[in-house]
C-alpha cells in the first residue's frame, strides 16, 4: 500500500475515527475523575490512589485477560466493551448531577473502567491487524499515536471548559457519548475475524505460550529487553525530574512546566503525522536505535542549558523520536506475532511496561533527594545512549529489515505449535 492508500480503506476510516473520538473522551474523563476526587476529599493520598487504581487492572489482570481476548470474536469484544463503559458512565453522570458520588464509588468506577480498557486494548490491536495489512499497519499505528496525543493536548482543555460551564456530570456524559460513537463506528468496519484459540481454557499454559513467542522470535527477543530498559530510564523524566529541573534550576513556575510537557506532546504529534505520510523511511530496525540515540542525546544536553526555549526544543526532538520508537516496536509486535496469540502478547507487554513506570518513578524520586535533577536527567540521557548502542549487539537488529521474512515464518511455526 502507498502512503495515502490507508485513507482509501473505508473500514479503517471508521475504525480510526471511532478511536479518535473515544480517546478524546478519555482525556476529558481523566481530568474529570481527578478533579472530582480533589473536590470530594482534598486528599493527596486518595488522589494518587485514584490514579493507581486505573493502572492496577492492566498490571495484574492483563495477562489473564489476553488469554480470553485470543478466544473471543474481536468485533463483538470491542463493541460490548464500549457499550459497557457507556452504560457505567451514564448513571454515574446522573449520580454526579444529584451529588450522590462518595469517594469509594469514584474509585470503583476508575477500577471497572480500567479493567474494561484492558480488555478493549488487545482486542483493538488484533482487529487492527485484520483491518489493515503490510505498510498500512505502520501508518495505522502512527495515527493511533496521533489520536493519543490529541487526547493529551485537547482533552484536558475540553474537560476544563465542560466542567467549568456545565459541571462534572456533563464531562462523564460526554465521555459516555464518545464510547457510543466508537461502538457505532465499529458496526461499519468490515474485516475477516482473525483466527482464534479454541479448546479448553488453560490460563497459565496460554500465558506461557505468549511469553514463549517473545523469546523464540529473534527480533522480538532483542527489541523487548532494550525497550524495557529504555522505558525504565525515560519514565522518570516527564512527571518528575523535568518538573524539578524547571522549578529548582530554571526557577520558573507551573506555566513553564506545562509548556515543557506540551513540547513533548507536540513533538510526538508531529512525529505521528509524519510517520503516517512517510512510513517507507522508518521501516528499518536501525531507525529504532537511531531515534533512541537522538532522544537520549537530547535528554543528555538538558542539564547544559539554562534557556527554557532550548530545553523546549530538546524535549520536542525527544518526543518526536520517542513516537517513532514506540510505533516501530508495537508495529513489529503486530507483524511478527500470529493473530491467535497477539492478544496475549500485546497485553503481556503492556502489563510489564506499566509495572516499570512506578518502579522508575520511585527509584528516580529517591535519587532526586540525593542528586541534582539536571545531573540525573543527563545521566538518564547517557544511559539511554548506552542502551541504544547495546542494541546493536543483537544480530537481528544489526541486520535491520532483512529479517522480516524469517520472523514471520517463525511466528507461523509458533502459531501452529500453539494449536496442537
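Read-outs: derived from the displayed coordinates by stated rules, not from any lab. Because the structure is a prediction, the values reported are computed rather than measured. Ideal geometry is used to build each Cβ from the backbone, glycine not excepted, and the neighbour counts take in all protein chains shown.
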Task: Candidates 256, 176, 366: whichever shows maximal mean-square fluctuation once the chain is modelled as a Gaussian network with Cα springs under 10 Å - done: 366
- [ ] Mind pulling the per residue volume of the convex hull built on the Cα atoms of the stretch 16-76? Å³ is fine.
- [x] 102
- [ ] State the percent of C-alpha pairs, over all pairs in the stretch 165-235, separated by a distance greater than 20 angstrom.
- [x] 68
Open item on the list: Given 20 °C and 1.002 mPa s, compute D for the stretch 200-255 with the Stokes-Einstein relation, Rh being the Kirkwood radius over Cα pairs; round to the nearest whole µm²/s.
Closed with: 147
Open item on the list: With the crude spin-label approximation of a point 7 Å out along Cα→Cβ, what separation in nm comes out for residue 255 versus residue 389?
Closed with: 4.2
Task: the stretch 25-139 - Rg over Rh from alpha carbon coordinates, Kirkwood radius - done: 1.05
Task: the chain, helix-only ellipticity at 222 nm - DSSP H runs n ≥ 4, -39,500 (n - 2.57), divided by all residues, nearest 500 - done: -26500 deg cm²/dmol
Task: Rg in Å to one decimal, and Dmax rounded to a whole Å, for the stretch 213-323 via C-alpha atoms - done: 15.6, 50
Task: Net lengthening on full extension, residue 362/residue 39 (0.36 nm per residue, minus Cα-Cα) - done: 113.6 nm
Open item on the list: Ignoring solvent entirely, what values of log10 I(q)/I(0) come out of the Debye formula for the stretch 198-420 at 0.11, 0.16 Å⁻¹ when each Cα is a single scatterer?
Closed with: -0.59, -1.08
Task: Cα centroid separation - the stretch 181-208 against the stretch 90-136, whole Å - done: 17
Task: 16 Å cut-off, amide nitrogen to a point 7 angstrom out along residue 46 Cα→Cβ, residues in the stretch 73-108 - done: 96, 99-108
TODO: Compute the normalised compactness of the stretch 286-394: alpha-carbon radius of gyration over 2.2 N^0.38 Å, N being the residue count.
DONE: 1.23
- [ ] Enter the per residue convex hull volume of the stretch 1-194, computed from alpha-carbon coordinates, in Å³ rounded to the nearest integer.
- [x] 114
Open item on the list: Would you work out the Kirkwood radius for the chain? I mean one over the mean of 1/r across all pairs of different Cα atoms, in Å.
Closed with: 22.3
Open item on the list: At 7 Å along Cα-to-Cβ for each site, give me the label-to-label distance between residue 191 and residue 114 in nm.
Closed with: 2.7
TODO: List the equivalent ellipsoid semi-axes of the stretch 145-300 in whole Å, largest first, each obtained as the square root of 5λ for an eigenvalue λ of the Cα gyration tensor.
DONE: 33, 29, 18
TODO: Could you sort 222-235, 313-326 so that the peptide with the highest average Cβ count within 10 Å comes first and the rest follow in order?
DONE: 313-326, 222-235
Open item on the list: Report the rotationally averaged projected area of the stretch 84-144 based on its alpha-carbon convex hull, in square nanometres.
Closed with: 5.3
TODO: Sort out for me the Cα centre separation of the stretch 291-318 from the stretch 368-384, rounded to whole Å.
DONE: 13
Task: Rg/Rg_globular for the stretch 121-205, with Rg_globular taken as 2.2 N^0.38 Å and Rg from C-alpha atoms - done: 1.48
TODO: Rank the residues 8, 23 as a footprinting-exposure proxy: fewest other Cβ atoms within 10 Å of their Cβ go first.
DONE: 8, 23
